[in-house]
Amino acid sequence: MEQILLEINNVTKAFGGVLAIKDLTFCVSRGQLKAIIGPNGAGKTTLFNVITGIYSITAGEIKFKDKKITGLKPHEITSKGIARTFQVPHLFPNMTVLENVMVGRHPRTRAGIFNVALPLQKTRAEESSIQQEAIHWLEFFGLRSRAPFLAETIPFGERRILEIARALATEPELLILDEPAAGLNGAEQESLSQLLKQIQAMGVTILWVEHNIRMVMKISEEVMVIDWGQKIAEGSPEKVQSDKRVIEAYLGDGDA
């Protein structure tokens with residue numbers, strides 16, 4: 001029996017009189033690699049923003065591991081085990097690649113990011129542990145040689161991977177990725193596909209939004225399609241691709 005990790009129950013998000021998400025219900029099972037697709041303006045990023053606490057919801061409920069997370073702040077949601085990336089990589093450009101991943105690790109430490117400068121032996125030991133864990137993730141993603149470089153100086157594709165590395169440093173059970181393949185070339189997209197399957201094999205559940213339909217259909221186990229903030233289809237890649245509403249709303253518009 002599948003264990004439900006994330007539940008979205010009748011969620012609505014309105015901006016003034018505009019409904020960005022309307023009465024949306026779905027779930028993500030533990031260990032799943034699930035994709036969300038839809039045309040521009042469908043509400044995909046808004047959905048991620050309400051799941052991760054950036055936006056409050058207008059109505060409905062969000063549960064993670066069977067506990068309500070509606071109304072929690074972003075850092076509280078991260079501490080519960082949800083990490084995310086953004087359409088445009090949100091990195092600290094004037095920090096090194098290594099330091100960016102170390103920042104991701106701090107929510108899982110006792111000292112906290114603002115106490116690392118204290119001249120305490122315990123704090124120094126913990127900071128050393130944070131650094132080693134960050135190096136581990138850089139090695140996993142093939143970025144070890146970039147460790148001393150400022151984040152703003154590395155290629156765009158590597159910045160995308162760096163943001164995923166930082167997210168994984170928080171030890172998430174659910175990793176939310178917002179268009180991770182955007183701006184990547186064919187070889188980089190193929191490499192990313194393999195990385196996502198490796199991350200899933202490590203036991204991390206993945207929920208992602210992506211416009212590269214071929215990539216989505218190739219590696220996702222389940223696909224949900226939304227349009228105008230509402231779910232219009234959900235199921236296996238094969239089922240979704242043959243759905244008339246999906247073809248009309250998205251797959252048939254020339255973007256695939």
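Remind me, relative contact order of the chain in percent, using alpha carbon pairs under 8 angstrom and six or more residues apart?
Over the chain, the number comes to 26 percent.
Looking only at SER193, SER242, SER29, which one moves most when the chain is put into a Gaussian network model with springs between Cα atoms under 10 Å?
SER242
Of LYS65/LYS231; LYS22/LYS239; LYS73/LYS218; LYS68/LYS244; LYS68/LYS218; LYS197/LYS231, which pairs sit farther than 31 Å apart, going by alpha carbon to alpha carbon?
Beyond 31 Å: LYS73/LYS218; LYS68/LYS244; LYS68/LYS218.
Can you tell me the relative contact order of the stretch 19-109? Whole percent, Cα pairs under 8 Å, sequence separation 6 or more.
For the stretch 19-109, the relative contact order is 19 percent.
Running a GNM on the chain with Cα contacts under 10 Å, which residue among ASN40, ASN49, ASN100 ends up with the highest mean-square fluctuation?
ASN40
When a/c reaches 1.5 or more, the comparison of a/b and b/c decides; with that in mind, is the stretch 1-73 rounded, prolate or oblate per its Cα gyration tensor?
Verdict is oblate for the stretch 1-73.
7 Å from Cα along Cα→Cβ at both ILE4 and HIS90: what's the point-to-point distance in nm?
2.7 nm
To the nearest Å, what is the center-to-center distance of the stretch 1-32 and the stretch 49-107, using C-alpha atoms only?
About 16 Å separates the Cα centre of the stretch 1-32 from the one of the stretch 49-107.
For the chain, with a Gaussian network of springs between Cα atoms less than 10 Å apart, report the residue from HIS90, HIS211, HIS106 with the top mean-square fluctuation.
HIS90
More than 25 Å apart: what percent of Cα pairs in the chain qualify?
45 percent
Where a number appears in this text, it was derived from the coordinates with a stated rule and is not lab data. Note that the structure is a prediction, hence the values are computed from the model and not measured. Heads up, the Cβs are rebuilt from the backbone with ideal geometry, glycines too, and the neighbour counts pull from every protein chain shown.
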